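The values are calculated or read from the model by the stated rules, or taken from the named source; none is laboratory data. Everything numeric in this text was worked out from a predicted model, so none of it was measured. Heads up, the Cβs are rebuilt from the backbone with ideal geometry, glycines too, and the neighbour counts pull from every protein chain shown.
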Amino acid sequence: MKKLFTSISLCFLALFSQGQTILEPGDLFFTGFQYGVTPSGPDRFSFVTLKNLEPGTKVLFTDKAVLAGNPQTLCTNEDTCLWTSPNVFINAGTVITITEVVGGINATANIGTCVGNMGSLSSSGDQVLAVQRGQGSSISFISAISNTGFVVNCATGCTNNNSTCLPSQLIDTPFFMSFTISPVIVNGFYSGPTAFDSISAFYAAIRNQNNWTTSRQADAAATWPSPWSFSITTVSVKEKMGQNQLRVYPNPSTGAVNIITKHGQTGKIRVINILGVLIEEKRIQSESITFQNLKPGLYMVQLLDEKNQPGAAVKLVVK
């Protein structure tokens, strides 16, 4: 038994050693951009996280063009900003703003830090892409925004980085935003509703151009909402599950946690602490299971099938 607990503990510690949240397409969405402003109002853009972010999560933002190929790569010129979340958890629905530092090396962020500057956003047409590094040299595209629209064909060489095709990972998804207003929009920010009962309602609202405040001129920095955050009820948890077998929320928790399983799932849910000790176990009798009064600490929520074979596992933090 001691050997079994030791084995579980080592696996559990490995799960915690990843150090950042791995994002999927749609886990971030852009909420504002300013590509042409006066010297007193540097270029900037903002995004909302639709997933809780662990400390030290890294996302690369860039206005580089996407090149044709499989896997797709980016041009080598243009700018990047590697954003790193602070040493605290960031709750889903939080809006982060990244602002150019004129004449500086690194941009600033209202939450977290940036390495690199985004000072060449073009008012005549440009885009910002959010990506994470995948296996090897591959990259995963999380979201994209363009003030003019994405071109049909991907470039084979870096000739014009002020326009780009839509990354193939985002085609036929609602995880990008582009504008079809002429003449070109220079500045814009989302100014519609911020509370939703489903993730699909969120995407429908934020991708509606009528819910954005926009300008065609190189204005001074517009006043964006402050504080600025979004709220999506638990309906979205089921809708975003996709192929995942387990969703845990809120995470971090203050002691009570809900676990959502796929429709028709059977078996049990276990909560195990960092030492591999079983804290609580419940049989799956519906799609939603609640655990109460968990003490502060690090846990693993694990799915077991009817034969007690382990399945999906999710890290849980209780504050």
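What to note about this one:
- Residue list for the range 186-196, filter: assigned to a loop (DSSP other than H, G, I, E, B) and either surrounded by fewer than 20 Cβ atoms within 10 Å (Cβ to Cβ) or among the polar types (S, T, N, Q) (or both): 191, 192, 193, 194
- For the range 275-287, filtered to residues that are assigned to a strand (DSSP E or B) and farther than 17 Å from residue 246 by Cα, the residue that is modelled with the lowest pLDDT is 278.
- Residue count for the range 64-78, restricted to those that are surrounded by 19 or more Cβ atoms within 10 Å (Cβ to Cβ) and either over 28 Å from residue 206 (Cβ atoms) or touching a Phe, Trp or Tyr at 6+ places or on another chain (Cβ under 9 Å) (or both): 1
- Test: residue in the range 262-274 that is more than 18 Å from residue 91 (Cα to Cα), part of a loop (DSSP other than H, G, I, E, B) and touching a Phe, Trp or Tyr at 6+ places or on another chain (Cβ under 9 Å): yes
Matching residues to (1) over 15 Å from the mean Cα position of the chain (by Cα); (2) at pLDDT below 90; (3) more than 25 Å from residue 84 (Cβ to Cβ); (4) not hydrophobic (A, V, I, L, M, F, W, C):
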{"position": "3", "(1), (2), (3), (4)": "yes, yes, yes, yes"}
{"position": "13", "(1), (2), (3), (4)": "yes, yes, no, no"}
{"position": "18", "(1), (2), (3), (4)": "yes, yes, no, yes"}
{"position": "26", "(1), (2), (3), (4)": "no, no, no, yes"}
{"position": "35", "(1), (2), (3), (4)": "yes, yes, no, yes"}
{"position": "42", "(1), (2), (3), (4)": "yes, yes, no, yes"}
{"position": "48", "(1), (2), (3), (4)": "no, no, no, no"}
{"position": "54", "(1), (2), (3), (4)": "no, yes, no, yes"}
{"position": "57", "(1), (2), (3), (4)": "no, no, no, yes"}
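- In the range 150-173, the residues that are surrounded by 14 or more Cβ atoms within 10 Å (Cβ to Cβ) reach residues that are of a type in the set (D, E, K, R) with C-beta atoms within less than 7 angstrom, at least six apart or across chains, in these pairs: 161/63; 161/64; 161/78; 162/126.
- Unmet criterion (only one of (1) at pLDDT 85 or above; (2) assigned to a loop (DSSP other than H, G, I, E, B)) for residue 183: (1)
- Residue within the range 123-138 that is surrounded by fewer than 19 Cβ atoms within 10 Å (Cβ to Cβ) and in contact with a strand residue (DSSP E or B) (Cβ under 7 Å, 6 or more places away or on another chain) present: yes
- Restricting attention to the range 288-310 and to residues that are among the aliphatic types (A, V, I, L, M) and assigned to a strand (DSSP E or B), the residue that is surrounded by the fewest Cβ atoms within 10 Å (Cβ to Cβ) turns out to be 298.
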